[in-house]
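S.K.: Pasting a structure here, questions to come.
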Amino acid sequence: MTKRAERMRSIQPFHVMALLARARELEAQGRSIIHMEIGEPDFVTPQPVIDAGIRALQDGYTHYTPAVGLQALRERLAEFYQRRYGVAVEPRRIVITPGASAALQLVMAVLVNPGDQVLMADPGYPCNRNFVYLLNGQPLGIPVTAATAYQPTPQQVHEYWTEAVTALLVASPSNPTGTLLGENSLREFHAIAAAQGGSLIVDEIYHGLVYDEQATTALAVSDDIFVVNSFSKYFGMTGWRLGWLIAPDAYVADIDKLAQNLFLAAPTIAQHAALKAFDEESISILESRRREFRQRRDYLLPALRELGFEIAVIPQGAFYLYASCSRFTDDSYSFASRLLEEAGVAITPGIDFGTHLPATHVRFAYTTSLENLHEGVRRLREFLC
């Protein structure tokens, strides 16, 4: 008999991965599939970054870096925060990680004891719950709706915070809803966590991909906040597996120790390549892509509303539209499966994002060309009529 850890009962798979696998099968059979299920930019990594990676290989940069990352990259990130946000960050507080997932695992590992609870929005990114379960902690979802832009309110955080809670995790922009938190909310969340002797963790993975206003980094609020970010989304480096964590000074040594043991170091080639991500040429490419993502959002949002999907909040960031499909179904997974099989359109069912109204919501990702989005809408119209 195969024995498994009890925590595996709580860790759920990505349901959308089964849909993606089926989509690949259909494509192998010759079917045309419009992919709006994948949370990954369709653009390739900017050429200056690719060239820097190639040079790093050719120059022999193939050995481990320090566990906290290349000093030069930590310094470039500190310069980036000063230039973009007007915030001073000491490079010693920046830890380079193998993707943002590793950064979140480090934060949870340094904060969560068995039985501790971590507050987070429901719906939210599903892996965040599983990072807590991995430490034998308990994620505690705060139900959020369009009425609060799918973000928790300070009043809710007060209500849900108990002695068992060790941290609050929020995301701005959020996945799956693309909504932002303003500076006032971040300040209130930090004040609540500090008063309770807990921590505030802010997922800023989609910073940069914001369309109607300048996003506020939590680092503008306090140095005593854990901030997680990534080279995957805005910088277009998903497959390079590179992210970073900015930690309060008091935790840096412990996080260094954890990183040494859990990951050794982030990929060396990726770190050297990322040094070019902040150059003017790369930023120009990335800003052009950000404008294209906005064009896609501005097309898809009214098109889906016209078809009957309810999208009550305009997402200010990321590349997702979180829509109520209650007009058509009360089973989002079956709806997504039928849409794939019958119309050749792949989307993500709400059940991947939590337990609050998941059966009547789906997520559309506009991580494909405008041409494909037009075709996807045409197929949706035929499917729904």
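The values are calculated or read from the model by the stated rules, or taken from the named source; none is laboratory data. Since the structure is predicted, the reported quantities are computational estimates derived from the model, not experimental observations. Quick reminder, even Gly has a Cβ in these numbers, built from the backbone with ideal geometry, and neighbours come from all protein chains shown.
S.K.: Might you let me know whether segment 224-246 holds any residue that is in contact with a Lys or Arg (Cβ under 6 Å, 6 or more places away or on another chain), buried (at least 22 other Cβ atoms within 10 Å of the Cβ) and either among the hydroxyl-bearing types (Ser, Thr, Tyr) or closer than 28 Å to Ala52 by Cβ (or both)?
M.R.: There is at least one residue in segment 224-246 that is in contact with a Lys or Arg (Cβ under 6 Å, 6 or more places away or on another chain), buried (at least 22 other Cβ atoms within 10 Å of the Cβ) and either among the hydroxyl-bearing types (Ser, Thr, Tyr) or closer than 28 Å to Ala52 by Cβ (or both).
S.K.: Next question. Of Ala56, Ala21, which residue is outside the structural domain of Phe131 (by TED's automatic domain parsing), at pLDDT 90 or above and small (Gly, Ala, Ser)? Spell out the reasoning first.
M.R.: Numbers: Ala56 fails: outside the structural domain of Phe131 (by TED's automatic domain parsing).
Being outside the structural domain of Phe131 (by TED's automatic domain parsing), at pLDDT 90 or above and small (Gly, Ala, Ser) holds for just one of Ala56, Ala21, which is Ala21.
S.K.: Is it the case that some residue within segment 367-384 is within 23 Å of the chain's Cα centre (by Cα) and buried (at least 24 other Cβ atoms within 10 Å of the Cβ)? Reasoning before the result, please.
M.R.: Looking only at segment 367-384, we keep the residues that are within 23 Å of the chain's Cα centre (by Cα), and these are 367-370, 373.
Adding the requirement that they be buried (at least 24 other Cβ atoms within 10 Å of the Cβ) leaves none.
The answer is no, given that none of the residues of segment 367-384 is within 23 Å of the chain's Cα centre (by Cα) and buried (at least 24 other Cβ atoms within 10 Å of the Cβ).
S.K.: Only residues that are among the aliphatic types (A, V, I, L, M), within 18 Å of Val107 (Cβ to Cβ) and touching a Ser or Thr at 6+ places or on another chain (Cβ under 9 Å): list them for segment 172-217, please.
M.R.: The answer is Leu181, Leu186, Ala193, Ala194, Leu200, Val202, Ile205.
S.K.: Only helices (runs of 4 or more DSSP H) wholly contained in segment 89-182 count here; list those with 2 or more residues that are under 14 Å from His356 (Cβ atoms). Full working, then the answer.
M.R.: Details: elements: 100-111, 126-134, 154-160.
Output list reads 126-134, 154-160.
S.K.: State the number of residues belonging to segment 329-356 that are buried (at least 18 other Cβ atoms within 10 Å of the Cβ) and either farther than 26 Å from Met120 by Cβ or of a type in the set (A, V, I, L, M, F, W, C) (or both). Working first, answer last.
M.R.: At the first step, the residues of segment 329-356 found to be buried (at least 18 other Cβ atoms within 10 Å of the Cβ) are 332-333, 335-336, 339-340, 343-354.
Now narrow it down to the ones that are either farther than 26 Å from Met120 by Cβ or of a type in the set (A, V, I, L, M, F, W, C) (or both): 335-336, 339-340, 343-347, 351, 353.
Of the residues in that region, 11 qualify.
S.K.: Inspect all residues belonging to segment 82-99 and state whether any of them is polar (S, T, N, Q) and either within 20 Å of Arg241 (Cα to Cα) or surrounded by 14 or more Cβ atoms within 10 Å (Cβ to Cβ) (or both).
M.R.: yes
S.K.: Listed residues Ile283, Ile255; which is within 30 Å of Leu321 (Cα to Cα), modelled with pLDDT of 95 or more, of a type outside the set (Asp, Glu) and outside any strand (DSSP E or B)? First the steps, then the outcome.
M.R.: Working: Ile255 fails: within 30 Å of Leu321 (Cα to Cα).
Residue meeting the stated conditions: Ile283.
S.K.: Which one of the conditions (1) in the same structural domain as Arg241 (by TED's automatic domain parsing); (2) over 30 Å from Gln156 (Cα atoms); (3) touching a residue at least 40 places away in the same chain (Cβ under 8 Å) does His35 fail to meet, given that it meets all the rest?
M.R.: His35 satisfies all of (1) in the same structural domain as Arg241 (by TED's automatic domain parsing); (2) over 30 Å from Gln156 (Cα atoms); (3) touching a residue at least 40 places away in the same chain (Cβ under 8 Å) except (1).
S.K.: Check segment 318-332 and report whether any residue there is part of a loop (DSSP other than H, G, I, E, B) and of a type in the set (Gly, Ala, Ser). Walk me through how you get there before you give the answer.
M.R.: Quick first cut of segment 318-332, residues part of a loop (DSSP other than H, G, I, E, B) only: 318-319, 325-331.
Imposing the further condition that a residue be of a type in the set (Gly, Ala, Ser) reduces the set to 318, 326.
So far as segment 318-332 goes, yes, one or more of its residues are part of a loop (DSSP other than H, G, I, E, B) and of a type in the set (Gly, Ala, Ser).
S.K.: I've got another one for you. In this structure, does Leu73 turn out to be part of a helix (DSSP H, G or I) and in the same structural domain as Leu135 (by TED's automatic domain parsing)?
M.R.: yes
S.K.: Here's another thing I want to ask about it. Answer yes if at least one residue in segment 147-154 is surrounded by 22 or more Cβ atoms within 10 Å (Cβ to Cβ) and more than 20 Å from the chain's Cα centre (by Cα), and no otherwise.
M.R.: Scanning segment 147-154, I find no residue that is surrounded by 22 or more Cβ atoms within 10 Å (Cβ to Cβ) and more than 20 Å from the chain's Cα centre (by Cα), so the answer is no.
S.K.: Let me ask something else about it. Within 24 Å of Leu219 (Cα to Cα) and without any contact (Cβ under 8 Å) to a residue 60 or more places away in the chain: which single residue out of Val107, Val87, Val112 fits that description? Outline the logic, then answer.
M.R.: Numbers: Val107 fails: without any contact (Cβ under 8 Å) to a residue 60 or more places away in the chain; Val87 fails: without any contact (Cβ under 8 Å) to a residue 60 or more places away in the chain.
None of the other options fit; the residue is Val112.
S.K.: Take the residues in segment 357-366 that are in a strand (DSSP E or B) and not aliphatic (A, V, I, L, M), then tell me which one is surrounded by the most Cβ atoms within 10 Å (Cβ to Cβ).
M.R.: Phe364
S.K.: For Leu57, are the conditions met, namely being of a type in the set (A, V, I, L, M, F, W, C), surrounded by fewer than 18 Cβ atoms within 10 Å (Cβ to Cβ) and touching a helix residue (DSSP H, G or I) at 6+ places or on another chain (Cβ under 7 Å)?
M.R.: It is true that Leu57 is of a type in the set (A, V, I, L, M, F, W, C), surrounded by fewer than 18 Cβ atoms within 10 Å (Cβ to Cβ) and touching a helix residue (DSSP H, G or I) at 6+ places or on another chain (Cβ under 7 Å).
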